[in-house]
Amino acid sequence: MKQENHDKIFQEERIQEIAKLLERENRVLITDLCERFNTTPVTIRKDLDLLESQGVLKRTHGGAILHRPLFRGLALTEKEKLNSEEKERIAGAAVKMISEGDVVILDSGSTTTFLARKMKNLKGITVITNAVNIALELADTELEVVLTGGSLQKNSSTLVGPLAEDVLRKISADKLFHGVDGIDYELGLTTPDIIEASTSRVMMERAGENILLADSSKFGRRSLGVICQMKEVDKIITTRNMGKAEVKQLNDMHVEVLIV
């Protein structure tokens with residue numbers, strides 16, 4: 001009886017620790033938890049099943065993600081205020097990947113806006129964008145700027161829909177830099193608006209290299225519109241403090257990871 005009580009107490013402590021890890025990291029892997037708690041996969045799966053029954057997490061292949069309601073999105077002005085130091089670092093690394101002569105697509109978003117500001121002194125670059133605010137940021141530079149048409153989403157200064165996609169299908173670019181509202185390894189990259197998701201997919205089709213700019217808050221979050229699977233990304237520039245297992249998982253999908 002005493003042993004049963006001891007085991008129960010230990011399980012409660014382990015479950016509390018798993019819940020804290022999820023809150024901090026947004027996802028956990030069974031292999032990492034086995035090593036952390038020096039226990040078996042069977043025991044960890046039981047812990048995860050219990051937490052899932054409590055609505056704390058959602059089981060995935062090989063682990064679990066923190067259960068959160070779908071992210072509804074924020075206005076661009078609100079996004080720019082969040083994690084601004086992280087976005088500055090990401091943009092600083094991204095601008096170094098742009099070379100003279102490049103044709104670059106900048107998707108709409110707060111992190112790509114930070115990148116546009118760092119591009120102002122570049123020369124010999126063509127920028128294609130569906131973001132009205134980014135076009136205005138670059139209007140007084142020596143960069144050639146192509147603004148797609150489309151239906152205007154006023155809260156994000158974004159042009160989307162069939163007209164935007166028709167323009168994009170008539171061009172070809174070296175690199176696409178884009179951000180997302182949510183990154184989920186099972187579901188993929190997501191954004192709250194399904195029409196915007198469709199336009200972003202066309203951008204990916206037209207670029208030779210797909211570079212994702214994502215601060216740490218984007219991981220483990222889901223939104224309504226699925227843009228693509230994670231394996232379709234070539235590079236990710238992020239501030240997320242990833243463990244070896246997570247980096248390996250991305251590398252196994254042929255995604256190059258740069259942590260800044």
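Just a few scattered comments:
- Checking residue 64 against (1) at pLDDT 65 or above; (2) under 23 Å from residue 192 (Cα atoms); (3) surrounded by fewer than 17 Cβ atoms within 10 Å (Cβ to Cβ), the condition it does not meet: (3)
- Selection status of residue 161, surrounded by 17 or more Cβ atoms within 10 Å (Cβ to Cβ), touching a helix residue (DSSP H, G or I) at 6+ places or on another chain (Cβ under 6 Å), within 19 Å of residue 104 (Cβ to Cβ) and among the small types (Gly, Ala, Ser): no
- Answer residue from segment 155-189, given it is closer than 13 Å to residue 203 by Cα and among the acidic types (Asp, Glu) and is farthest from the chain's Cα centre (by Cα) among those: 166
The values are calculated or read from the model by the stated rules, or taken from the named source; none is laboratory data. The shown structure was predicted, so the numbers you read here are calculated from the model rather than taken from an experiment. Using ideal geometry, Cβ is built from the backbone for each residue, glycine included, and neighbour counts are taken over all protein chains shown.
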